[in-house]
1. Failed condition for residue A:115, given (1) of a type outside the set (D, E, K, R); (2) free of Cβ contacts under 8 Å to residues at least 24 places away in the same chain; (3) more than 7 Å from chain B (Cβ to nearest Cβ), with all others met?
2. Within the range A:43-66, which residues are part of a strand (DSSP E or B) and either surrounded by 17 or more Cβ atoms within 10 Å (Cβ to Cβ) or within 14 Å of chain B (Cβ to nearest Cβ) (or both)?
3. Could you check how many residues of the range B:235-263 are modelled with pLDDT under 95 and touching a Ser or Thr at 6+ places or on another chain (Cβ under 9 Å)?
4. If you take the residues in the range A:8-42 that are among the small types (Gly, Ala, Ser) and outside any strand (DSSP E or B), which one is farthest from residue A:70 (Cα to Cα)?
5. Please go through the range B:234-269 and pick out each residue that is surrounded by 23 or more Cβ atoms within 10 Å (Cβ to Cβ) and of a type in the set (Phe, Trp, Tyr).
6. Suppose we filter A:252, A:196 for residues that are modelled with pLDDT under 95, in the same structural domain as residue A:68 (by TED's automatic domain parsing) and within 17 Å of the chain's Cα centre (by Cα); which single one remains?
7. For the range B:157-170, which residues satisfy the criterion of being surrounded by fewer than 18 Cβ atoms within 10 Å (Cβ to Cβ) and in contact (Cβ under 8 Å) with a residue 12 or more places away in the chain?
8. Exactly one of (1) over 22 Å from residue A:13 (Cα atoms); (2) more than 8 Å from chain B (Cβ to nearest Cβ) is unmet by residue A:98. Its number?
Amino acid sequence: MMTSSESLLSVRDVTLRFGGVAALTGVSFDVRAGELFAVIGPNGAGKTSIFNCLNAVYRPQEGSITLQGTELVGRKPGFTAKLGIARTFQNLGLFTNLDVVDNLMLGRHLRMRTGFLAGAVWLGRARREEIEHRRRVEEIIELLELEPYRRTHVGSLPYGVQKRIELGRALAMDPTLLLLDEPVAGMNLEETGDMARAILSIQASGVSMILVEHDMQMVMDIADRVMALDFGIPIAIGTPAEVQSDERVIEAYLGVAS
Amino acid sequence: MTKARTMVTKYEDDLRLFRRSRWYQVGILLLLVAYLLVPTVASEFQIDVLNRVGYFAIGAIGLNLLTGYTGQVSLGHAFFVGVGAYVAAYFGTQHGWPLLAWLPMAALLGGLIGAFIGPFALRLRGQYLAIITLGLLFVGEHVFDNWESVTGGGAGTQVAAPLKIGPLDFGNLKLGSTVYSRNQGLFFLIWAVVAIVLLLARNLVRTRPGRALQAVRDRDLAAEIIGVSQARYKISAFAVSSMLAAMAGGFYAVIQQYVSPTEFGGQVGLFLSIQFIAIIIVGGVGTLFGSVLGAFVVGALPRVIENLSTNVDLPFVSGDKGGDPGFLTVFSLNQMLFGLLIVAFLLFEPRGLAAVWFRIKAYFKSWPFSY
């Protein structure tokens, strides 16, 4: 495990409001290089809102978010992609009419240069790039065991496989920070185990990750540090064991006898 | 060790457009033979119909890139066809530019105007975008009608744009001692362009820009987050689509040898736009060769019915051979048939003729098993 303590991502006092509703209030945390950082909390606690702020889909009213010193607040989603933030979606954001290879190749979009003219002509740059980037895509296909589905439209594949494809697409971006939104939601025990192993091997390759997940068993097993949210307010940050025994976390999850 | 010719051992092999299977090669050869043989055996009328099919195919490939691949609805396709037709009339005929100058000029102008319409698609989608693009037809009709120095005004203008590439004059083709008619020459020219456009478009959709278009269609937010700029690709899709529409328009003008504003604007223009939509729905939305299949059905139908009406007494139709009063004109009969075709295909074969072809192919691939 990496022990580097340098901070890759720094979130400071982020507050996000929709009209009168505060989705996030004063959220601060750091993600260190190579770390697997988990965010937990009951439904509606604001976990996915954090991702949307990191991706510049939402623009928080207050606070700052910096990745390796670059401010993300007020930027566009495409900018965060260029900086190396990749993401999977809670309810799948795959391109359903495209096959697995094309979905993963789209993850390589920013690393390729072929424009309309070069693409239409094919010979030359387009062909060279297709071959070069296909090589990386095939590595990911192998890592996630997607070989049987290469040329299948992803819309017709089972849910568990689609989740792996989405992880693959994010990985194809060769990200510095990977955001995983409930990667094992709706999966059975075996699929969850496969996904957990995949996540750990991605971490071993040096990618930092933020994991939003409801499966506590998995979070406690694989996360380095955990932040618990309740109604958009961070209530505990620490190692899995610390957060698990925190009274306020237990209260938020189970309620308290009145 | 020997391996089958079709076995894929390298990414280069996997990325081949022209597969190495015997069937594929035989198919390509048959198409080539048809290209050379058809104009010599078909009648003048049939060649004229096929030329129109070719013009429709080029425009429909453009619309399919926009609607089928990028998911943007447009009713303004006829306007861009008009732009191309008037480029053939103005630059080709009035200024006598050669084919290799006026045709690229049509594409360029069409593409430029298309790129200006593109930004509307950033704010509007679905039926709202359809309404905006519909407005183009009326703006277009007005401009074509009133910019008389360029368009010849409401009476229309003759088109005699040069059709010469190097030693080949497609308007008056002579090879050795064989002399071809204008229609035969046009057939060779138009269908060669169809093949080239199809090849370029096919390459486009299987490489980075084409994947980006489809990503925008399937999930625009997810596309944005992986770094595919919606704005860039929607505008580009409009530009490329209008480029092809304008090229098609150029060919329409030289087939017709005459253009007038009402053909591309207002009600008739709307009908033309709907014809293009019908082509991609009948042929297959999101499949390029479907655009060509659809063009055969939709492009040939009106001419065949018109021809039929002069020889046969059609029921309820006025102005046909029978001469009896009917409540339908040939034009409105055509309109009804297109409506019927669109509805029938959307209901029973939403992926068009291309899907039928894929099913047949899959059947024979797995034969004698049923799956």
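The values are calculated or read from the model by the stated rules, or taken from the named source; none is laboratory data. Everything numeric in this text was worked out from a predicted model, so none of it was measured. Counting neighbours? That spans all protein chains shown, and the Cβs are built from the backbone with ideal geometry, glycine included.
1. Looking at each condition in turn, residue A:115 falls short on (3).
2. A:63, A:65
3. Total meeting the criteria: 4.
4. Step by step, filter the range A:8-42, then rank; the result is A:20.
5. B:238, B:251, B:252, B:264, listed by residue number.
6. On inspection, the qualifying residue turns out to be A:196.
7. Matches in the range B:157-170: B:158, B:160, B:164, B:165, B:169.
8. Single failed check for residue A:98: (2).
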